[in-house]
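Please read the structure below before turning to the comments.
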Amino acid sequence: MYQTLPQPSHPGDKINSGIEYGYLSGKTIGGSGFIKVTTSEKSARVDFILYDGKLGDSYNISLI
């Protein structure tokens, strides 16, 4: 898994295509924010929290 985040000063919900940066696949979500990672013995949950506190995206990774 490889994930990048916008710069903290990135304003609003503007979104650029990942193709502009050389990514051939993946998901892009507009707006700045931070990553919250919650782990257990068997998995990790990754939440992208937007600048306004709303959940922008979430996914789980199996650790087994």
For ASP57, other-chain or 5+-apart residues with amide H closer than 5 Å (H placed, Pro excluded) are PHE48
Add +1 for every Lys or Arg and -1 for every Asp or Glu among the other residues with Cβ under 14 Å from the Cβ of PHE48, and state the total. 0
Within the range 24-64: backbone nitrogen closer than 14 Å to the ASP13 label point (7 Å, Cα to C-beta): 29-32, 50-57
Ranked by how many other beta carbons lie within 10 Å on average, peptides 29-35, 54-60 from highest: 29-35, 54-60
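None of the figures in this text is laboratory data; all of them are computed from the coordinates on show. Here the structure is a predicted model, which is why all the values come from computation and not from measurement. All Cβ positions, glycine included, derive from the backbone under ideal geometry; neighbour counts span all protein chains shown.
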